[in-house]
Each structure stands twice: as structure tokens, then as C-alpha cells.
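Okay, structure first, notes after.
What follows is calculated from the coordinates using simple rules that are stated; it is not laboratory data. As the structure is a prediction and not an experimental result, all values here were calculated from the model. Cβ sites come from the backbone with ideal geometry, for glycine too, and all protein chains shown count toward neighbours.
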Amino acid sequence: MTTWRYAAGRLAEYAAVLMVALTLNFALPRALPGGPLKLFGSPEALARLTADERAQIANQYGFGKPLHEQFLDYLGGVFTLDLGTSLSDGRPVTQALGEALPWTLLLVGTSIVCTALVGVTFGVVGALRRRKGKGSGLLGTAIVLDSFPQFWLGMLLIVLFGVQLQWLPTFGVSGVEGVTVSGVLVHLILPVGTMTLTGMGYLFLYTRSSLLTVLTSEPIQHAHARGVPYGQLVRRHALRPALLPVHTILMMEIGFLAAGSIVVETVFAYPGLGRLTFDAITARDYPLMQGAFLVLTLMVVLMNALADATYPLLDPRARAGGGR
């Protein structure tokens, strides 16, 4: 009964979060300066339109109604999976999102695997060798990498590996002969490298801090004083509790990486959801913006829900009745 009550409470919380997110998704595009009318002509041509002509165009595309009616139409479209039509190219928003989302999932999935492997591994090494030169060097490198802006590091990699050395392609996902597996993998190297280098610093610091907290706790110190080998303490007793908070951070990082991919995908002209979102914002394409923001929000909420669902599997203390 306690488990079902807890699950119902969490579902209610997520439903409230989604409702707030839906409201913000509707309001934020309309709060931006400018408007979608600029898609239908140059500023000079739009200036020559009469008020009736402007109203006719707005009514034709659905953004001439009162805001409360637009909001109700938007909610109805979300719950019926009809997100409208893109003002930029006339495609259904669901089609545009469906074509872009797999590319972002590929980029984010590859990046999170590389970030987790590198960040957690070096974080453990940095904690175990904190008093040696290698640990200090890793700590300094992680702090520097964590401070790099993604767009700046991405442009540096483009200049170095794409322009100077000409080893790697700098944009897109396809080669001269079309999209191939090898072509996609080669085009992923620089975007994945950028996201990994800028994301591993935070994960390194968090892993190192968490492991140091466990290693300096009284049970570990007492066991070591009784003669238990240090390596055995780390492997059997320190790593698992130290990595529990890292698991939560990693789950949330997956959702945030999807939103953060807007910068990387724009720099590398990568045809994913981030680039689509940037183009929609630039064009003031309200339906496409709302759809892209909704998908990014859902990814963050789903990753939080996944973290909540999997954490009790890793930590028995978090299960219902675990305190007994």
C-alpha cells in the first residue's frame, strides 16, 4: 500500500510538472520579440500590408485568435498528438520531430556513454590518487574542461581537426555518396568529442567528491584500521555507495544533454532536434517551437522518472519498508 501511495504521489508530481511545462512551452515563444509574420515576406513587404491583410494571414495560420483559444487548441493538439503544421516549410510538426529525434538520440546516447566512461573512471582514479601528481593533474584538467563553453570548444575542434589537419568532417552527417554507417560515425566524432569533453569535468568532480566522502567515512576508516586491505575496501564497500548519487546525476544529465545539444548541433550543422529548435526559434515558428520544447521537456521528465524507478533497485534503503 505504501508503494502504491508513493507511486501515485510521484505520478501526480510529474503530471503537475508537465502541465507547467506545457504552459511555458506555449507562453515562451510568444514572449520572444518579433513574430511569425516575418516568414511571409521581407520587412519592407510586411510594412506595406494593411491591418486586415495581417489579420487574414494570422487567422489562416491560427495565431490570430485570442490567446486563451490558442492555448486550448494547443492543449487539444498535444493530447491528440496533433502538434500542427510548421510555418517554415509546411511539414507536420510531428513529421519534422520524428525525422530529427533519432539523430539527437544517437548523438546524446553516444555522448553520455563516452562521458560516463571517461568521467567516472577518471573520477575514481582522481579520488584514489588524490595525494599524488596524477590525481592533481586530473583535477586541474577537469576544472579547466568544465569551464569551457560548448560552442567555443566546438569551433576550436573544427579549426584544428577540420581546417588545419583536415582529418575530420566539420558539419552534417552524410558524405558525397549519401548517408552511410561509416559516414555517420565519422561525422559524430567532433560533436561527440565536444559534448564529452565539456560534460566529463562535472561528472569527474562529482564522482571524485562522492568517493572521497565514502572513503573518509568512519566505517571505512575503522575497517582499514582493523587490517582490511585498502583495495578490497574500495571494490567491495566504497564504490557502490559512492556511485549511487552519480547514477542519479547521470540520469538527469541525459535529459539535460538533449536540451544542451542545441549549441553543438548548431555549431556542427547536425540535423537533430537541437538544430531544428534553433531554426524554429530564429524563424519564430510557433508550432515547431512548441513541439520541440515539448519533446525536450519530456526527455528531462522521463529521465528523472527513470532515475526514481531504478534507484531503489540499486539502494535497498530507498525501497518501501527498507528502513525496517
Quiz prompt | Charge sum, other residues only, whose C-beta stays under 15 Å from residue 13's C-beta, Lys/Arg counted +1 and Asp/Glu -1 | solution = +1
Quiz prompt | Charge context of residue 196, other residues only, Cβ under 14 angstrom, K/R +1, D/E -1 | solution = -2
Self-check item: Highest to lowest packing among 193-206, 211-224, scored as the average C-beta count within 10 Å
Solution: 193-206, 211-224
Self-check item: Peptides 85-91, 271-277 ordered by average Cβ neighbours within 10 Å, highest first
Solution: 271-277, 85-91
Self-check item: region 97-227: translational diffusion in µm²/s, Stokes-Einstein, Kirkwood Rh over Cα pairs, 4 °C, 1.567 mPa s
Solution: 77 µm²/s
Quiz item: What percent does the relative contact order of region 77-223 come to when contacts are Cα pairs within less than 8 Å and at least six residues apart?
Solution: 31 percent
